[in-house]
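> Dropping a structure here in structure tokens format, bear with me for questions.
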Amino acid sequence: MRTISLCIALLFSFTLVSYDVQEDYVWHDLNVTATAYNSVASQTNSKPRITAFGDSLKPGLKVIAVSGDLYAKGLKYNTPVKIKGLEGVYYVKDRMPSRWKNKIDIYMGVDVKAAKAWGRRTVTIAYGELKKDE
């Protein structure tokens, strides 16, 4: 039994990839319009905790949705994003309807007051592009 556990542990250690968000990415700055959203049915659809990519949302996650034009620029699924004025790194986990351009939507759990207080503003973001092997 111990041998099987060791083999499984070794398999996972070789297959899991971990990236350093600071060192392994080239960062690109961009000015965008930023709003906020919540995982409540009145703002999304009948499955407010499921993103367009199928991820499950829960309060506390640092997630953003992006407009289609930003997705085409490189803000693809799981792209790390730093938002000037906010702490931490957010990840692209959701998409916005096609009518929006140059816009992100910051996930704020179920705190509708916080989302309304955020409002709509222009922010500078930096999004990470994984460095290519040389």
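The values are calculated or read from the model by the stated rules, or taken from the named source; none is laboratory data. Fair warning: this is a prediction, and the values are worked out from it, not measured in the lab. Quick reminder, even Gly has a Cβ in these numbers, built from the backbone with ideal geometry, and neighbours come from all protein chains shown. For the accessible areas, the whole protein counts, side chains as well, though only heavy atoms, and no ligand, DNA or RNA atoms are used. Shrake-Rupley method; radii C 1.70, N 1.55, O 1.52, S 1.80 Å.
> Using θ = phi - 60° and the Karplus form 6.51 cos²θ - 1.76 cosθ + 1.60, what ³J(HN,Hα) does each residue of the range 101-107 get, whole Hz, x for Gly and Pro?
Listing the rounded values in order: 10, 6, 9, 10, 10, 8, 6 Hz.
> Under the rule a/c < 1.5 gives rounded, and otherwise a/b versus b/c splits prolate from oblate, where does the range 65-134 land using the Cα gyration tensor?
On the way: a/c = 2.08, a/b = 1.50, b/c = 1.38.
Taking the square roots of the gyration eigenvalues as a ≥ b ≥ c, the range 65-134 is prolate.
> So, one more: Shape call for the range 37-104 from the C-alpha gyration tensor, a ≥ b ≥ c root eigenvalues: rounded (a/c under 1.5), prolate (a/b greater than b/c) or oblate? Show your work: numbers first, answer last.
Details: a/c = 1.69, a/b = 1.17, b/c = 1.45.
Cα axes put the range 37-104 in the oblate bin.
> Sorted by accessible area (1.4 Å probe), largest first, how do ARG120, ARG49 line up? Each step should come with its number before you reach the end.
On the way: ARG120 175, ARG49 105 Å².
The residues order as ARG120, ARG49, largest area first.
> Efficiency by 1/(1 + (r/R0)^6): what FRET value for ASN78 and ARG49, r their Cβ-Cβ distance, R0 = 25 Å, to the nearest 0.05? Let's see the in-between values first.
Details: r = 18 Å, r/R0 = 0.72.
Taking R0 as 25 Å, the efficiency between ASN78 and ARG49 is 0.85.
> Could you name the lysines whose alpha carbon sits less than 30 Å from that of LYS113, not counting residues in the same chain fewer than 8 places away?
Leaving aside lysines fewer than 8 places away in the same chain, those within reach of LYS113 are LYS47, LYS58, LYS62, LYS76, LYS82, LYS84, LYS93, LYS101, LYS103.
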